[in-house]
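Notes follow once the structure below has been shown.
The values are calculated or read from the model by the stated rules, or taken from the named source; none is laboratory data. None of the values given here were measured: they were computed from a predicted structure. When we count neighbours, we look across all protein chains shown, and the Cβ atoms used for this are built from the backbone with ideal geometry, even at glycine. Note: accessible area is taken over every heavy atom of the protein model, side chains too, but ligands, DNA and RNA are not part of it. Shrake-Rupley method; radii C 1.70, N 1.55, O 1.52, S 1.80 Å.
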Amino acid sequence: MVDVDSFIDEAKAEIREQVGDKHAIIALSGGVDSSVAAALAYEAIGDQLTPVYVDTGLMRKGETEQIRETFAFMESLRVIEAQERFFDALSGVTDPEEKRKVIGEQFIREFEREARDTDADYLVQGTIYPDRIESEGNIKSHHNVGGLPDVVDFDGLVEPVRDLYKDEVREVARALDLEEVVAERMPFPGPGLAVRVIGEVTPEKVAVARDACHVVEEETEKHEPWQAFAAVVGKATGVKGDNRVHGWIVSVRSVESRDGMTARAQELPWETLQRIQSRITGQNDNVARVVYDVTHKPPATIEYE
């Protein structure tokens, strides 16, 4: 386990040395990784930092409102409404790796635009060690590593938590006194709900995934999973009322893990699974069935894409 106090001092010193007297923007998503990176950078360089949250339209339910509330102390916080641009960029894209690359490039272009507006030379990211391992090992390209475009208009990337695992990042978050809603929050993929939608990403499928993920997080909270979510994986025939429907299949996943490198499917009680399926199918007329994923990592990854 990392020596938290020493790590914080060293990380802040490294940020100050790398950025110098220039300005930086932080790619803020609301997850623990980017939140810790933002807190470290804010303590290190203060008003030389502009936090930027991009609402891609692929975020969790209520994410944008929570970002505004949690990071209100950062007066320079910018919230960018980019839903239309992301959906346009993803139109017709079905390959998982291509999705991640499209999202990675779109993120960078959004941040470059904000950097020009704020005279920022550096981009701070919440990249962690498993992101690098999976991208460099060709398991999947994380949008902030293998998904980055070849040409990036920044003097450099600042990645203060790049050598930490998720559990170590949480230790740092607690030491920085970040709110529990951030420090203990379930992991959420950088590309957002796009990787919880199999095939083309559309507003309809993302809306189903968003509502279903919210239900799963609520219903599994007392079972303390490392990560729990839902994904839209295809279509199947079902019956709603007296009508035959061809609706979405939602797959529920709940896993136990220490650092995300390996994971075991959680044995949820039948009653919990039934409440989840009842809520998801009841709230979404276009969902035909709900299934539960019992696959460990390996052979599966935690996320679907």
Residue set Val197, Val233; condition out of contact with any Asp or Glu (no Cβ under 7 Å at 6 or more places or on another chain) and crowded, with 20+ Cβ neighbours inside 10 Å; output residue Val197
Arg16 vs. criteria over 22 Å from the mean Cα position of the chain (by Cα), at pLDDT 95 or above and open to solvent by 20 Å² or more (accessible area, probe 1.4 Å): yes
Scanning region 79-125 residue by residue, those under 22 Å from Gly30 (Cα atoms) and of a type in the set (Asp, Glu) turn out to be Glu81, Glu84, Glu105, Glu110, Glu112, Glu114
Given the residues Asp47, Asp5, Asp55, which is the only one that is among the acidic types (Asp, Glu), closer than 19 Å to Arg210 by Cβ and open to solvent by 10 Å² or more (accessible area, probe 1.4 Å)? Asp55
Would you mind finding the one in Val233, Val250, Val216 that is under 18 Å from the mean Cα position of the chain (by Cα), within 29 Å of Phe87 (Cβ to Cβ) and β-branched (Val, Ile, Thr)? Val216
Selection count where residues are under 20 Å from Met186 (Cβ atoms), charged (D, E, K, R) and open to solvent by 30 Å² or more (accessible area, probe 1.4 Å), scope region 269-293: 2
Need pairs with beta-carbon distance below 7 Å; first residue closer than 27 Å to Pro96 by Cα and within region 218-246, second charged (D, E, K, R) and open to solvent by 30 Å² or more (accessible area, probe 1.4 Å); sequence gap 6+ or separate chains. Pro225/Glu256; Trp226/Glu256; Ala228/Glu217; Ala236/Arg289; Thr237/Arg244; His246/Lys235
Take the residues in region 60-93 that are assigned to a helix (DSSP H, G or I) and touching a helix residue (DSSP H, G or I) at 6+ places or on another chain (Cβ under 7 Å); name whichever of them is modelled with the lowest pLDDT. Thr70
In region 19-33, residue farthest from Arg60 (Cα to Cα) [restricted to those that are open to solvent by less than 10 Å² (accessible area, probe 1.4 Å) and part of a helix (DSSP H, G or I)]: Val19
Subset of region 253-268 that is touching a residue at least 40 places away in the same chain (Cβ under 8 Å) and open to solvent by less than 60 Å² (accessible area, probe 1.4 Å) - its residue that is nearest to the chain's Cα centre (by Cα): Gly260
If I ask for residues that are surrounded by fewer than 18 Cβ atoms within 10 Å (Cβ to Cβ) and either in a strand (DSSP E or B) or modelled with pLDDT under 55 (or both), which ones from region 122-156 would you list? Gly137, Asn138, Ile139, Pro149, Val151, Gly156
Within region 202-226, track down each residue that is part of a loop (DSSP other than H, G, I, E, B) and surrounded by 14 or more Cβ atoms within 10 Å (Cβ to Cβ). Thr202, Pro225, Trp226
Could you tell me which of the residues Glu204, Glu200 is within 17 Å of Glu305 (Cβ to Cβ) and outside the structural domain of Gly31 (by TED's automatic domain parsing)? Glu200
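Okay, residues lined up against (1) within 23 Å of Met186 (Cβ to Cβ); (2) in contact (Cβ under 8 Å) with a residue 12 or more places away in the chain; (3) basic (Lys, Arg):
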site	(1), (2), (3)
Ile15	no, yes, no
Gly20	no, no, no
Ser29	yes, yes, no
Leu49	no, yes, no
Tyr53	yes, yes, no
Give the residues of region 168-185 that are acidic (Asp, Glu) and modelled with pLDDT of 90 or more, sorted by residue number. Glu168, Glu171, Asp177
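Just need a number here: residues in region 244-300 that are of a type outside the set (Gly, Ala, Ser) and in a loop (DSSP other than H, G, I, E, B).
Count: 17.
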